[in-house]
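Participant: First, the structure itself, so that you have it in front of you.
Derivation of every value follows stated rules applied to the coordinates shown; laboratory data play no part. Keep in mind that what you see is a predicted model, and the values were worked out from it rather than measured. Cβ sites come from the backbone with ideal geometry, for glycine too, and all protein chains shown count toward neighbours.
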Amino acid sequence: MMRAPHRSWQLLRCVHMRAEVRRWGDAPVYVEAPFISNPAPGEVRLKVEAVGVHNVVRMRASGNHYSCKETPHVLGVDGVGTTEEGEKVYFVNIGGTFTKQLNVPRSM
């Protein structure tokens with residue numbers, strides 16, 4: 001008789017990595033991030049394929065951009081990802097893009 005996986009095992013499968021700055025001026029570190037909730041209505045989950053590393057990202061990483069007020073700070077503002085249906089899309093997410101997966105508004 002097979003048992004259903006334990007709930008904690010299901011949560012572990014959802015853990016992913018992201019790059020964040022923990023102290024302004026330090027290099028970003030890769031950390032395990034909390035699991036991603038299911039996309040809300042009007043959102044789509046993306047597998048992040050590439051992210052931009054431009055002046056805004058570097059300024060935010062150093063803490064020298066007006067939009068960065070507290071740490072930890074997930075880097076990135078835009079990128080290219082793949083939807084669960086296989087469609088490639090460009091997206092903007094001011095809350096950070098240096099992560100393996102994220103939910104963004106479908107209208108992007």
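Participant: Along each principal axis of its Cα atoms, how long is segment 7-105 end to end? Whole angstroms, biggest number first, please.
Facilitator: For segment 7-105, the Cα spread along each principal axis is 38, 31, 21 Å.
Participant: Next question, about the same structure. Report the local net charge at Arg18: Lys and Arg +1, Asp and Glu -1, summed over other residues whose C-beta lies under 14 Å from its C-beta.
Facilitator: Working: positive: Arg22, Lys47, Lys100; negative: Glu20, Glu32.
Computed value for this residue: +1.
Participant: A follow-up question, please. When ranked by the protection proxy of mean other Cβ atoms within 10 Å per residue, highest first, what sequence do the peptides 88-98, 28-38 form? Mind showing how you got there, number by number?
Facilitator: Numbers: 88-98: 16.3, 28-38: 12.4.
Highest to lowest by the protection proxy: 88-98, 28-38.
Participant: Further question: By per-residue mean of other Cβ atoms within 10 Å, what is the highest-first order of 74-83, 46-55?
Facilitator: On the way: 74-83: 19.0, 46-55: 14.9.
Going from most to least packed, we get 74-83, 46-55.
Participant: What does the charge count near Leu102 come to, summing +1 for each Lys or Arg and -1 for each Asp or Glu among other residues with Cβ under 10 Å from its Cβ? Working shown, then result.
Facilitator: Working: positive: Arg18, Arg45, Lys47, Lys100; negative: Glu43.
Neighbour charge sum, excluding Leu102 itself: +3.
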